[in-house]
Amino acid sequence: MEQKSTEAALSSTLQLLSYVIIAIGALFLAIKAGSLPASRWEPMNAGTFPQIVFLSVAVLCGIATVLEVARNGFPRASLNVALTRLSRLKPVIVNIILFTCYMIAMPWLGFITSTFIYLVTAQIFLTTEKLKALPVILCVAVVFSAGPYFMFSELFNIYLPRAQW
């Protein structure tokens, strides 16, 4: 019976934590959307609708957090159970960290370079046979970093970020 209660407490803790993280992320994106350029001919700028959506998500997550705490109180989970559960999520957590670094690096390194580095790093982390898979990893990274860049620029006339160095 003890195992069930600690698992339930951990699930409740993770749910509450996810509400808070999503709310903070939505607030950050709402602020970033506010910096989009304004039009001289339109009453609202390009960031108005995304700001409304992100602020709505943040408010809903805030309400969900308050309701969850009011209904069940602050959750308590043992550190040992939490660390065991988190260790099973290692590939997901590492990939989220790599993707965040990729998004931060893209304005400076450009789409092609940052995508190539992200894809090589993520694939090397996820594969078990690193040396045997290296040629495939490099081919996939080249195709999926340069391919979309040239497709968007040549077919759609949409230019993805270029390196600033």
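Identify all residues within segment 12-47 that are of a type in the set (Ser, Thr, Tyr), surrounded by 15 or more Cβ atoms within 10 Å (Cβ to Cβ) and more than 16 Å from the chain's Cα centre (by Cα); write none if there are none.
So the first thing to find is which residues in segment 12-47 are of a type in the set (Ser, Thr, Tyr), and the list is 12-13, 18-19, 35, 39.
This time we only want the ones that are surrounded by 15 or more Cβ atoms within 10 Å (Cβ to Cβ), so: 12-13, 19.
Passing the criteria: Ser12, Thr13.
For segment 54-75, does any single residue satisfy the condition of being part of a helix (DSSP H, G or I), basic (Lys, Arg) and more than 18 Å from the chain's Cα centre (by Cα)? Don't jump to the end; show me each part of the working.
Filtering segment 54-75 for residues part of a helix (DSSP H, G or I) gives 54-72.
Checking the rest, the ones that are also basic (Lys, Arg) come to 71.
When the remaining residues are screened for being more than 18 Å from the chain's Cα centre (by Cα), the result is 71.
So far as segment 54-75 goes, yes, one or more of its residues are part of a helix (DSSP H, G or I), basic (Lys, Arg) and more than 18 Å from the chain's Cα centre (by Cα).
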Does Thr100 count as closer than 24 Å to Leu29 by Cα, at pLDDT 95 or above and assigned to a helix (DSSP H, G or I)? no
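Can you report the number of residues in segment 114-139 which are open to solvent by 50 Å² or more (accessible area, probe 1.4 Å) and in a helix (DSSP H, G or I)? Step through it out loud before you land on a result.
If we filter segment 114-139 for residues that are open to solvent by 50 Å² or more (accessible area, probe 1.4 Å), which is where we start, we get 116-117, 121, 124-126, 128-132, 134-136, 138-139.
From the residues that got through so far, the ones that are in a helix (DSSP H, G or I) too are 116-117, 121, 124-126, 130-132, 134-136, 138-139.
Adding up the residues that qualify gives 14.
Inside segment 78-97, can you point out the residues that are more than 17 Å from the chain's Cα centre (by Cα) and either at pLDDT 80 or above or open to solvent by less than 80 Å² (accessible area, probe 1.4 Å) (or both)?
Start the filter on segment 78-97 by keeping residues that are more than 17 Å from the chain's Cα centre (by Cα), which leaves 78-88.
Of everything in segment 78-97, those that are more than 17 Å from the chain's Cα centre (by Cα) and either at pLDDT 80 or above or open to solvent by less than 80 Å² (accessible area, probe 1.4 Å) (or both) turn out to be Ser78, Val81, Ala82, Thr84, Arg85, Leu86, Ser87, Arg88.
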Residue pairs qualifying under the 6 Å Cβ cut-off, at least six apart or on distinct chains, with the first in segment 130-155 being over 13 Å from Leu119 (Cβ atoms) and the second being open to solvent by 70 Å² or more (accessible area, probe 1.4 Å) and β-branched (Val, Ile, Thr), are Phe152/Ile158
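The values are calculated or read from the model by the stated rules, or taken from the named source; none is laboratory data. Owing to the predicted nature of the structure, the values given are computational and were not obtained by experimental measurement. As a convention, Cβ positions derive from the backbone with ideal geometry for all residues, glycine included, and neighbour counts pool all protein chains shown. Accessible surface is based on the protein model in full, side chains and every heavy atom, while ligands, DNA and RNA are left aside. Shrake-Rupley method; radii C 1.70, N 1.55, O 1.52, S 1.80 Å.
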